[in-house]
Amino acid sequence: MRYVLLRDDDTNAFTPVTCLERLYRPFLDRGLPVNLAVIPAVRTDAAQADGRPEGFLPAQPPAVPARVPVGQSRELIQYLRDNPGFHVVQHGCDHSFYEFDSPDPHEVAGRLAEGTHWLQQAGFAAPETFVAPYDKLSRASLAAVGRRFRVLSTGWFELRRLPWSWWPAYLWKKLAGKAHWRVGRTLLLSHPGCLLSRHRPRETMLAAVQHAVRSRPLTVLVTHWWEYFRAGRPEEEFIDVLHQTAAFLASTPDVRVLSFAELARSGLPRRQEWLAVTAPLASPSA
Ligand SMILES: [Zn+2]
């Protein structure tokens, strides 16, 4: 059996429900869970490394920089409530640049708690899974996430960033050539880069997804909803690849699509097979 988790990052108070509906109806109709990494209280001036506004913000964000809790979008909250195939996980706190790269344990613990607070205030259950913006976590952040969450989904792990107490488990994972591991009760999942990305060639995207899923027991597929819409207009060919992915996942007999919550609660982690991952880890992702 091959296990797949689909992770879509950056849903926030400004995300139009029409975008999520357009992208994910074929998944929902087939009973395939969609994990949404939701920004709890997005900064309206969130920017990339080069200073450009993040693509998940509206073209004309409010003139005065602020943080907008996801619960302020009643339409989005209602939509997610009406469609239980979406599973909300915590994506940072406000999506400041590298917000979980701080070495300060108090700061990062505060951001984790505040993000959880905003999600709960919007009516969601306390999240069990964490996704850091830009997949970037300091040693202090990794330790705090390990104390608070059942699952961490990120790009890859580096020894120099890990809490000292994680080193033996990490070294064992490296020696065994595994991509996924655990420390205490927390599952630590890596992913093979953003295969479903506007920066990848369309012609080979579906084949790359299929190869990733078939070549390892458990694959986290990462994508970003806003990449499928340029200036508000849908990128039809790219959306078509996503929908072909849904068809592939649903029609392949030995593939099972999971939510992170299911993974945390199932007996899977107690078995070794899903941990025996062969493929090397790939490049960073946004
Ligand atoms: Zn993000």
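Read the figures in this text as sums done on the coordinates, not as results from a lab. Everything numeric in this text was worked out from a predicted model, so none of it was measured. Positions of Cβ are generated from backbone atoms using ideal geometry, with glycine treated the same way; all protein chains shown enter the neighbour counts.
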Label model pair THR252, HIS211: point-to-point distance (7 angstrom along the Cα→beta-carbon line) in nm is 1.3 nm
May I ask you to list the GluC sites (Glu not before Pro) in region 111-198 that are in a DSSP loop and have at most 15 other Cβ atoms within 10 Å of their Cβ? GLU158
With the dipole of the chain worked out from charges on the C-beta (+1 for Lys and Arg, -1 for Asp and Glu) around the Cα centre, which of ALA140, LEU206, GLY115 lies farthest toward the positive end? ALA140
Quick calc, the chain, dipole around Cα centre from Cβ unit charges on Lys, Arg (+) and Asp, Glu (-), nearest 20 debye, gives 1100 debye
Residue-wise HN-Hα coupling along region 99-111, computed from phi with Karplus coefficients 6.51, -1.76, 1.60 (Hz; x: Gly, Pro): 5, 10, 9, 6, x, 8, x, 5, 5, 6, 5, x, 5
Relative to a virtual label point 7 Å from the Cα of HIS243 in the Cα→beta-carbon direction, which members of region 17-40 show backbone nitrogen distances below 20 Å? 17-35
Selection from PRO103, ALA246, LEU189, by position along the positive dipole direction of the chain (Cβ): LEU189
Percentage relative contact order, region 1-96, counting C-alpha pairs under 8 Å, at least six apart: 40 percent
Placing +1 on the Cβ of each Lys and Arg and -1 on the Cβ of each Asp and Glu in region 2-275, which of LEU23, VAL255, ALA41 has its Cα farthest towards the positive end of the resulting dipole? VAL255
Residue by residue, what Karplus-based ³J(HN,Hα) values in Hz, rounded to whole numbers, does region 137-143 have, using 6.51, -1.76 and 1.60 with θ = phi - 60° and x for Gly and Pro? 9, 7, 4, 4, 5, 4, 5
Cβ density ranking, 10 Å radius, fewest first, applied to CYS19, CYS93 yields CYS19, CYS93
Residues whose modelled amide H sits under 5 Å from the amide H of ASP101, counting only those 5 or more places away in sequence or on another chain, are SER138
Would you pull out the residues with amide H under 5 Å of ARG2's amide H, same chain only if 5 or more places away, H placed 1.01 Å from N? VAL255, ARG256
Would you mind working out the magnitude of the charge dipole of region 156-210 relative to its Cα centre, with +1 at each Lys and Arg C-beta and -1 at each Asp and Glu C-beta, to the nearest 20 Debye? 120 debye
Which cross-chain or sequence-distant (5 or more) residues have an amide H under 5 Å from the amide H of THR11, H modelled 1.01 Å from N in plane? ALA37, ILE39
Read phi for every residue in region 125-135 and hand back ³J(HN,Hα) as whole Hz from Karplus 6.51 cos²θ - 1.76 cosθ + 1.60, θ = phi - 60°, with x for Gly and Pro. 5, 4, x, 9, 10, 10, 10, 7, x, 6, 6
In deg cm²/dmol, rounded to 500, what helix-only [θ] at 222 nm does the chain give when every DSSP H run of at least 4 residues adds -39500 (n - 2.57) and the total is split over its residues? -10000 deg cm²/dmol
Report, for region 2-275, the % of DSSP beta bridges that are antiparallel, rounded to 5. 25 percent
Given the peptides 58-70, 129-141, arrange them by the average over their residues of other C-beta atoms within 10 Å, most packed first. 129-141, 58-70
Ranked from highest to lowest mean number of other Cβ atoms within 10 Å per residue, what is the order of the peptides 82-91, 145-154, 48-57, 117-126? 145-154, 82-91, 117-126, 48-57
Relative contact order, percent, the chain [alpha-carbon distance under 8 Å, six or more residues apart]: 25 percent
Descending packing, highest mean Cβ count within 10 Å first, for 188-194, 199-205 is 188-194, 199-205
